[in-house]
1. Is it true that Lys167 is among the basic types (Lys, Arg) and more than 18 Å from the chain's Cα centre (by Cα)?
2. From the set of residues in segment 48-78 that are among the basic types (Lys, Arg) and surrounded by 18 or more Cβ atoms within 10 Å (Cβ to Cβ), which is farthest from Ile136 (Cα to Cα)?
3. Name the pairs: first residue in segment 27-48 and at pLDDT 95 or above, second residue hydroxyl-bearing (Ser, Thr, Tyr) and in a loop (DSSP other than H, G, I, E, B), Cβ to Cβ under 9 Å, at least 6 apart or on different chains?
4. Which ranges mark the strands (runs of 3 or more DSSP E) fully within segment 334-424 that have 2 or more residues being in contact with a Ser or Thr (Cβ under 8 Å, 6 or more places away or on another chain)?
5. Suppose the filter is in the same structural domain as Val263 (by TED's automatic domain parsing), more than 30 Å from Glu321 (Cα to Cα), modelled with pLDDT of 85 or more and not β-branched (Val, Ile, Thr); does Ser164 pass it?
6. Which residue is farthest from Pro223 (Cα to Cα), if the candidates are limited to segment 257-275 and must be out of contact with any Asp or Glu (no Cβ under 8 Å at 6 or more places or on another chain) and either of a type in the set (Ser, Thr, Tyr) or modelled with pLDDT of 95 or more (or both)?
7. Does segment 148-160 include one or more residues that are over 23 Å from Gly221 (Cβ atoms) and under 22 Å from the mean Cα position of the chain (by Cα)?
8. Residues of segment 168-185 being over 18 Å from Arg264 (Cβ atoms) and among the basic types (Lys, Arg), which ones?
Amino acid sequence: MELPRGMRDIESKEYHAIEYVRQKFIETSNLFGFQLMEPSTIELVSTIETKSGPSIKNEIYYFTDKGNREVALRFDFTIGLTRYATSQKSMRLPAKFSTFGGVWRYDEPQKGRYRFFHQWDIEIYGEPNIESDSEIIDFTSKFLKNLGLDNIIIDICDRELIESYVKSVFKDSSENVTSDILRAVDKIQKKRKQDIIKEYEEKGYLASDLEKILQFSEIKGQPDEITKQIDVKQLKNWDKILQIFNSLENRGVKNIRINFGIVRGLDYYSGIVFEAFDSSSDLGALVGGGRYDTLTKAFERDDLGATGAAGGVERIIFSLEKQHVDIKYDINRVSVVFVNDEMKKIAISIASKLRTRGINVDVELYGKPLRKQMELASESKYSIIVAPKEYANKMLIIRNMSDGSERQIEIESLLNNPQTSLQF
């Protein structure tokens, strides 16, 4: 039997890696005072189209339910959280939400990319404020650090700054032209410059204008470095970028730089945007986010601003593995093994009693030989060996599975105080 294309079973090793990221995400959410919640896994298609337009149907799983309604599996968390936030008329502001879970997208499957995957997401709703944008970026920096990742660079920019520059170069203020050129800038990380210029020349744009925009999108660095490359006085919202840069430095966030090539692909972004990268990898952005006040307006809340970020969990796990981060799980698991069939029932009883004391215990159920049991116990911190001679003296053997050292302990002492006896 086969799974649908683009789906996969999540095996134990990957599941534990996802759980590692989830636990670090929850820890960081609590540090920043975000309220954990989970928006519905199913949305009305009309709600999703509010964010992304009718063309989103090409990218999502949608169907007609038994009530003849068009519904869809969630393809991200921003839409659900924003729908929820805008419906809460008496919600205390600013409201800070975080969530973690699975999403479905009808993308073309590739290596490491599936049609079901995991995301984390944080959002702040309230009056537009530079410190709210900084809070989101600060969270991202600390979360990736808490995961154990090194070489993280966070690139920041402002959509209005880029849009203003595009309009000045193309001498055209129409939304169609601006959106078109922003998509060209967004492609620069994925395609060769000449291929982009050729593609857009065929749409009627001048190669000289395109070249100027793409050169502009390659400018990146610290504020003093950028002022040496371009007259920043001509740039709209340059002061805003300096404000957020200074705010982040005040928070101790040092791994940031300004990058005029960061525009984010979605049309609803309206202010500060950013992406976080593993500079030692060519994987692409691990996290993306920014301000999207236009989306809350689309949900008829002109009084409510919004800023947020999201990251793909499987992509983060790829970076964790590439950087050889030790993803620890079940580090305090023990295995209870037995020398012969006579000791099996006793071993199972001891395992059960330890579990009631909160100890993570595995025990062999099928009567395999001791040698095989010890092989299966190799990933446990300790093995508790139930042997006839020691058991007759009311003793057990505890083997450290890291160095092979052994010691004996009284059964009563182990069961009465397992944490101390096992040196957890």
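The values are calculated or read from the model by the stated rules, or taken from the named source; none is laboratory data. Just so we're clear, the structure is a prediction, and the values are computed from it rather than from any experiment. No Cβ is skipped: glycine too gets one built from the backbone with ideal geometry, and neighbour counts run over all protein chains shown.
1. yes
2. Once the filter is applied, the top-ranked residue is Arg74.
3. Sorted first by the residue in segment 27-48, then by its partner, the list stays empty.
4. 334-338, 361-363, 382-386, 395-400
5. yes
6. Tyr268
7. Yes - at least one qualifying residue is present in segment 148-160.
8. Lys171
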